[in-house]
Amino acid sequence: MFSSELWNKPEESAYEIAYSCRFDRGSSSYLNRTIQSGGNLRKWTFSFWFKMIGSAGFGSNQYYLATSKLSSPYDTLIFDIDSSSRLYYQVAGVYFYPDQSFTDTSNWGHLVIIYDSDNGTADDRRIVYLNGTRLGVHDSQALSQNTDSKFNSNSIHYIGARQDLGASYYGSYYLAEAHWVDGQAYDPTYFGKSSGGSWIPIDYKTNTGTYGTTGYFLDFAINDDLGNDVSGNNNDWGANGMGTDHRTTDTPTNPS
């Protein structure tokens, strides 16, 4: 399970997150978007807050982000609850996983995932931070320098699902404050800070506001348009299997 020093503990924050989005396997809920062109395939940052949903969050893979598996290789980011309760992510056919188990369903956590294949240091080509702390990462095989990812490519992208030729797969969790930053490798201090022993969110859009061509910021503030991008890029996502009950006020700054 999460180590106590890595797990977010609720504390009053000057920056408030008003809403989250609830994904659940039972209603096959997900967001999707087709990226046309212009994304940086070798450098990006994905920052988001998450909380797993009770027993529904266990027993199978939890898909947070994926490109279509209709062609190979494909990219995916999952919590593989079946086997070792770890976060797995695949980029360009290479699997990585941090040395941390994920089984807590009561608390919010913050993940920052950095892909930077241009980096001359092999260990810095893929980085995972949990609540501001960098996790050790294990590779299924070495990631070569300058390897293109499928994330940011001209393809269908999914949040909360993965689409194969013969089947679809979904996840059950809460998602809040999702920032995709195209073309930058930003550490977690751009998105959060340590305060009184807790890791709390800060206002990335106001403080930094860099998103790049394919970047987006999902704040889930519009009840009937949960895929609305408020980064300024208008890189909106389509909502599928989602009703008004999929927007919630259970957030990292207002946990329930």
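The values are calculated or read from the model by the stated rules, or taken from the named source; none is laboratory data. Predicted model, so just to flag it, every value in this text is computed and none were measured. Every residue, glycine as well, gets a Cβ built from its backbone with ideal geometry; the counts of neighbours run over all protein chains shown. Areas reflect the complete protein model, heavy atoms only, side chains present, ligands, DNA and RNA absent. Shrake-Rupley method; radii C 1.70, N 1.55, O 1.52, S 1.80 Å.
Rounded to the nearest whole Å², what accessible area per residue is found for the range 108-171 with the 1.4 Å probe?
Details: 2430 Å² over 64 residues.
Averaged over the residues of the range 108-171, the accessible area is 38 Å².
Let me make sure I get this right: for the range 103-256, a, b and c are the square roots of the gyration tensor eigenvalues over alpha carbons, sorted descending. Under 1.5 in a/c it's rounded, otherwise prolate if a/b > b/c, else oblate. Which is it?
Values: a/c = 1.45, a/b = 1.15, b/c = 1.25.
Rounded is the answer for the range 103-256, as its axis ratio a/c remains below 1.5.
Please give, to one decimal in nm, the separation of the simple spin-label points placed at ASP236 and THR210, each 7 Å out from Cα toward the Cβ.
2.8
Taking Cα pairs under 8 Å and at least six residues apart, what relative contact order does the range 153-230 come out at, in percent? Could you put the intermediate results ahead of the total?
Details: 75 pairs, mean separation 20.7, N = 78.
Once normalised by length, the contact order is 26 percent.
Among residues other than GLY136 whose Cβ falls under 10 Å from its Cβ, what is the net charge (Lys/Arg +1, Asp/Glu -1)?
On the way: positive: ARG134; negative: ASP99, ASP123.
So the environment of GLY136 carries a net charge of -1.
Tally Lys and Arg at +1 and Asp and Glu at -1 over the other residues with C-beta under 15 Å from the C-beta of HIS246: what net charge comes out?
Values: positive: ARG22, ARG25, LYS51, ARG247; negative: ASP24, ASP219, ASP224, ASP225, ASP245, ASP250.
Counting the neighbours of HIS246, the net charge comes to -2.
Treating only the Cβ atoms of Lys and Arg (+1) and Asp and Glu (-1) as charged, compute the dipole magnitude of the range 81-201 about its Cα centre; round to the nearest 20 debye.
Values: 7 positive and 13 negative charges, 34 e Å.
Its charge dipole is roughly 160 debye.
Please report the carbon-and-sulfur percent of the accessible area for the range 102-256; probe 1.4 Å, protein heavy atoms only, DNA, RNA and ligands left out. Each step should come with its number before you reach the end.
On the way: 2380 of 5980 Å².
In the range 102-256, the share of accessible area belonging to carbon and sulfur is 40 percent.
Considering only C-alpha atoms, what is the centroid distance from the range 202-256 to the range 98-138, in Å?
Going from one Cα centre to the other spans 22 Å.
Work through the residues other than ASN235 whose Cβ is under 15 Å from its Cβ and net out their charges, Lys, Arg +1 and Asp, Glu -1. Kindly include the intermediate steps, with their values, before the conclusion.
On the way: positive: ARG33, LYS205; negative: ASP182, ASP219, ASP225, ASP229, ASP236.
Result for the neighbourhood of ASN235: -3.
With labels modelled as points extended 7 Å from the Cα through the Cβ direction, what inter-label distance (nm, one decimal) is found for SER153 paired with ASP139?
So the two model labels end up 1.9 nm from each other.
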